[in-house]
1. Taking a spot 7 Å from the Cα of residue 37 along the direction of its beta carbon, which residues of region 71-88 have an amide N less than 12 Å from it?
2. Let me know the charge dipole size of the chain about its Cα centre in debye, to the nearest 20, where only the beta-carbon of Lys, Arg (+1) and Asp, Glu (-1) is charged.
3. Rounded, prolate or oblate, given the Cα gyration tensor of the chain, with a/c below 1.5 counting as rounded?
4. If you take the Cα Rg of region 13-116 and divide it by 2.2 N^0.38 Å, with N the number of residues, what do you get?
5. Set the Förster distance to 22 Å, then compute FRET efficiency between residue 123 and residue 161 from the Cβ-Cβ distance, nearest 0.05.
6. Do you know the relative contact order of the chain, to the nearest whole percent, from alpha carbon pairs under 8 angstrom that are 6+ apart?
7. Could you tell me how far the Cα centroid of region 22-53 sits from the Cα centroid of region 134-163, in Å?
8. Tell me the relative contact order for region 13-116 as a rounded percent, counting alpha carbon contacts under 8 Å between residues six or more apart.
Amino acid sequence: MVLYRRQRLAGGSYFFTHVLQDRGTGLLIDHVDALRTAYASVRHAWPFETVAVVILPDHLHCVWTLPEGDDDYPGRWRLIKSRFSSALRRRGVDTGRRGPDQRALWQRRYWEHTVRDQCDLRAHVDYIHINPLKHGLVEQVANWPYSSFHRYLARGELPPDWGGHVSVKPGRYGE
């Protein structure tokens, strides 16, 4: 097994992208309750702050800030993904296989970026919130229900029409 080098900064903030193996599925939003349960159970046991998040049909983006002295985001993600996958299997959802002993719901690798400063943080939070619009899932960011945009809106940090209003052509838009 290859050991990937990841920058790990205790108490740092990180941007993540996690993608399902099958990019044509809607499992993340079809079973968003199971994903939220897995996420919340891990966050309860191994605290972290979710600065921003968006859940799309086949991938998710988020920014986390870890507690001081803690840099174990890989362990947290392993648990979230494992718990979500197990919940789907209990529901009878075929999560696929790579081999006899290896499930294939998630892509093997994920994108992680250590947030450098406030400008970098703002850019990643904006990217997260605009993503449903970018993928043609909604005509206005506020119309996507699986996003921390609504938290920012409730706190008065973003206006309801943030990101504009566009007519989008239906289709699949890749990362």
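Read-outs: derived from the displayed coordinates by stated rules, not from any lab. Computed from a predicted structure; not experimentally measured. Counting neighbours? That spans all protein chains shown, and the Cβs are built from the backbone with ideal geometry, glycine included.
1. Answer for this model: 83-88.
2. Here the chain has a charge dipole of around 720 debye.
3. In terms of gyration-tensor shape, oblate.
4. 1.05
5. For R0 = 22 Å, the calculated efficiency reads 0.65.
6. Reported as a whole number, the value is 26 percent.
7. Cα centroid of region 134-163 versus Cα centroid of region 22-53: 18 Å apart.
8. So the answer I get is 42 percent.
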